[in-house]
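The values are calculated or read from the model by the stated rules, or taken from the named source; none is laboratory data. Since this is a predicted model, take the numbers as computed values, not measurements. Methodologically, a virtual Cβ is constructed for each residue, glycine included, from the backbone with ideal geometry; neighbour enumeration extends over all protein chains shown.
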Amino acid sequence: MTRAPTDEPTLVNTPLSSLPNRGAVLVSAGRRVDAADASVPRFPQKNVSRVQSQIENFLDQQKPAAIVSSAACGADLLVLESGLGDDVPCHILLPSSPDEFRRSSVADRPGDWGTIYDAVLKDSEVEVLTLPSGDEGYLEVNRKLLDKAQVLAAAGNAPVSALVIWNMESRGVDDVTAHFLNEARRRNIPVTEISTL
């Protein structure tokens, strides 16, 4: 699923400076789709089409030079799928092997997320990170996503912007999406939010 060094060059390997009419490097994070038995709605399955439409409109307006994201079901995969549909180079960072991540963060929720995941990994640059397990690993993924976006932007002389797709409310100190939002703001990265509710 990850690109081998011998693969023929594709758009994902195109320098950002050679992409015409493109804007910022977009780094994105957000909610996974709710489990079937979720007691508190954060991203109900019934809202996926509306959220996807809002993402597509946002990308059409912003014309990002590249997208940096993880690839969990819900917000991540919707952004990646929409970006690839517009030929935007996508860079995916995973906290575990693609198969393990697919089991734990993609196929464990309602919807056909596994098929979308397989397709976006095939057409993106994928990096598997070596990180601690649990919450600390997910918080570190946030930092690595932002780092990667800033490196790509510097290489292409482009700005960085962040997109957060969530229910607009933190669950508390262990909320990974709220951590991403706060970390982006701490780095003075402009943030756009799309509601999942």
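Listing for the model above:
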| quantity | calculated |
| --- | --- |
| Some residue of segment 66-73 being closer than 19 Å to residue 150 by Cα, touching a Lys or Arg at 6+ places or on another chain (Cβ under 7 Å) and part of a loop (DSSP other than H, G, I, E, B) | no |
| Residue satisfying all of: in segment 129-184; of a type in the set (Lys, Arg) and more than 24 Å from residue 41 (Cα to Cα); surrounded by the most Cβ atoms within 10 Å (Cβ to Cβ) among these | 148 |
| Test: residue in segment 21-29 that is without any contact (Cβ under 8 Å) to a residue 12 or more places away in the chain, more than 16 Å from the chain's Cα centre (by Cα) and surrounded by fewer than 23 Cβ atoms within 10 Å (Cβ to Cβ) | no |
| Residue that is of a type in the set (Phe, Trp, Tyr) and closer than 17 Å to residue 177 by Cα, where the choices are 138, 117 | 138 |
| Residues that are free of Cβ contacts under 8 Å to residues at least 60 places away in the same chain, hydrophobic (A, V, I, L, M, F, W, C) and in contact with an Asp or Glu (Cβ under 7 Å, 6 or more places away or on another chain), drawn from segment 37-91 | 59, 84 |
| Residue match in segment 106-116 (condition: of a type in the set (Ser, Thr, Tyr) and within 14 Å of residue 70 (Cα to Cα)) | no |
| Flag for residue 143 being among the basic types (Lys, Arg), closer than 20 Å to residue 78 by Cα and part of a helix (DSSP H, G or I) | no |
| Sole residue being modelled with pLDDT of 95 or more and assigned to a helix (DSSP H, G or I), chosen from 138, 117 | 117 |
| Flag for residue 70 being surrounded by fewer than 21 Cβ atoms within 10 Å (Cβ to Cβ) and out of contact with any His (no Cβ under 9 Å at 6 or more places or on another chain) | no |
| Any hit, segment 99-110, residues being over 22 Å from residue 37 (Cα atoms) and either aliphatic (A, V, I, L, M) or not in a helix (DSSP H, G or I) (or both) | no |
